[in-house]
2 protein chains.
Amino acid sequence: MSNVKVLPLLEPEAPEAVVPCCPPLTERPLTADEAEKTARMFKALGDPVRLRLFSLVASHEGGEACVCDISDVGVSQPTVSHHLKKLKEAGLLTSERRGTWVYYRVEPAVVAAMGQMLGSLG
Amino acid sequence: MSNVKVLPLLEPEAPEAVVPCCPPLTERPLTADEAEKTARMFKALGDPVRLRLFSLVASHEGGEACVCDISDVGVSQPTVSHHLKKLKEAGLLTSERRGTWVYYRVEPAVVAAMGQMLGSLG
DNA sequence: CCTTTGTTTCGACATCCATCGATCCCTTGC
DNA sequence: GCAAGGGATCGATGGATGTCGAAACAAAGG
């Protein structure tokens with residue numbers, strides 16, 4: 001396509017309203033908008049490779065993991081990168097570059113919100 | 001920080017562990033098999049229409065809903081049926097025919113299990 | 001039997017998406 | 001400046017998936 005890299009599409013790191021979407025799924029039917037937003041988060045965990053990457057980050061010492069620590073999930077490196085990007089876009093992970101390596105960590109509020117929608121609070 | 005409990009392998013006290021799959025995502029990385037299983041459940045909620053249908057059933061009076069009660073989500077009726085089937089295959093819903101109508105209800109244990117995988121991240 | 005109404009299945013189609021190799025970008029070290 | 005290695009992006013591709021209309025199936029009533 002284009003080599004026009006001047007288009008400002010999305011600001012770097014869309015801050016995004018992180019938490020406040022949606023009551024427990026049992027409380028009332030979701031609106032179309034709410035469902036659209038929320039489904040993105042569930043869809044992000046709806047792939048086996050992404051789910052593994054997510055649990056690798058979530059369970060990693062210090063609550064964060066370098067890409068090099070979690071790249072052994074049976075797919076190529078570009079694919080790993082692609083999935084991490086998806087998880088990031090869904091708001092489930094954040095990333096930070098420190099020197100040579102890029103570290104990913106879980107966004108706790110978002111994941112907690114998903115859990116609450118499923119009624120895990122009992 | 002709280003618990004470093006030894007994990008009780010696989011048999012004691014599983015009152016209604018209808019879902020044999022998987023500890024909280026923070027506890028340890030999922031295996032490929034576990035991820036495959038679990039991703040199916042999250043994927044089922046990863047579509048806006050399915051998520052709406054699910055919340056319609058979950059929040060409906062009596063804990064169940066007839067297809068005719070929840071068919072107004074903006075897609076054709078065959079599509080509704082297709083999505084309900086997907087939710088059923090994922091183990092999130094069950095169905096029962098009573099006379100003319102078919103009623104769907106939530107499978108609580110499965111949903112609770114999903115919530116627990118996410119809930120301990122707070 | 002035939003008709004009506006609720007629900008599922010079938011076939012077809014367009015779109016999305018996971019995956020890869022190749023390539024490019026970034027940082028560090030020589 | 002240049003080489004090396006970690007990560008991200010690009011372009012292509014095969015397979016999965018959401019959607020619909022038409023048709024089939026099931027139960028209830030005339």
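Any read-out appearing in this document is the output of simple, stated calculations on the displayed coordinates, not a laboratory observation. Computed from a prediction, not measured in an experiment: that's the story for all the values here. All Cβ positions, glycine included, derive from the backbone under ideal geometry; neighbour counts span all protein chains shown.
With Cβ to Cβ distances under 14 Å as the rule, what net charge do the other residues near A:CYS66 carry (K, R +1; D, E -1)?
-2
Charges on Cβ only, +1 for Lys and Arg, -1 for Asp and Glu, centred on the Cα centroid of the range A:29-122; of A:HIS83, A:THR31, A:LEU56, which one is farthest towards the dipole's positive end?
Of the listed residues, the answer is A:HIS83.
Within the set of other residues whose C-beta is less than 14 Å from the C-beta of A:PRO78, count the net charge using Lys and Arg as +1 and Asp and Glu as -1.
+2
Roughly how crowded by other chains is peptide A:75-82, in terms of the mean Cβ count from those chains within 10 Å of each of its Cβ atoms?
Mean shielding by partner chains, rounded to a whole number: 0.
For Cα pairs less than 8 Å apart in space and 6+ apart in sequence, what is the mean separation divided by the residue count of the range A:32-117, i.e. the relative contact order in percent?
About 30 percent, as a whole number.
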